[in-house]
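Report on the following structure.
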Amino acid sequence: MNHEIIFNPTGKKAVVSHGTSVLAAAHRAGVHIPTRCGGKMGCLMCKVHVDEAAGKRLSRPAESEKRKLGSLIQQGVRLACQSKIEGNLTVSVPEDKLKAAIRKQLEAARQEDEDELW
C-alpha cells in the first residue's frame, strides 16, 4: 500500500510504501532534513512537527524515541528517522536556522527599501 506525504512549508510531495520512514520519504521528495547520525536516533537533528491527526498516521513512538524527545512528543514533535508512515499525511519541517536568519535579513532590507520609496 502506498501513501502520500506532503512536506511543509515547501509543499513538496512523495508517494512511498507503507512503513517508509519520514526521513527516507523526505529524501525521495527532495526535502532536506538535517541528520548527522544516518538515521540512528543519535543526533536528534531530524525533528519534524505533526498535528494530532497526522500523528495517528505515523507509527507509534518507541520508548527510546519518547525518552529522547521527552515532552516534545506531546507537542507533536517526532524524529523523522524513527517515524514510519502508515497513511497519507502532512509534516512540517522546521526552517534551517541559518536560512531563517538570512531570510529575515533580506525581508528587513526589502522593507527598508520600500519605506524609502514612500
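Taken together, the residues in region 1-19 that are modelled with pLDDT of 95 or more, over 15 Å from A54 (Cβ atoms) and of a type outside the set (G, A, S) amount to 4. Looking across region 1-40, the residues that are free of Cβ contacts under 8 Å to residues at least 24 places away in the same chain and charged (D, E, K, R) come down to K12, K13, R28, R36.
The strands (runs of 3 or more DSSP E) found wholly in region 41-96 and carrying at least 2 residues that are of a type in the set (A, V, I, L, M) occupy 77-79, 89-92. Summed over region 1-33, residues that are outside any strand (DSSP E or B), under 11 Å from the mean Cα position of the chain (by Cα) and under 17 Å from D96 (Cα atoms) total 7. Taking region 5-25 as the range and being surrounded by 13 or more Cβ atoms within 10 Å (Cβ to Cβ) and farther than 12 Å from V91 by Cβ as the test, the residues that pass are V15, V16, T20, A24.
Restricting attention to region 1-48, the residues that are within 14 Å of R78 (Cβ to Cβ) and among the charged types (D, E, K, R) add up to 1.
The values are calculated or read from the model by the stated rules, or taken from the named source; none is laboratory data. The structure presented is a predicted model; accordingly, all values stated were derived computationally and were not measured. Methodologically, a virtual Cβ is constructed for each residue, glycine included, from the backbone with ideal geometry; neighbour enumeration extends over all protein chains shown.
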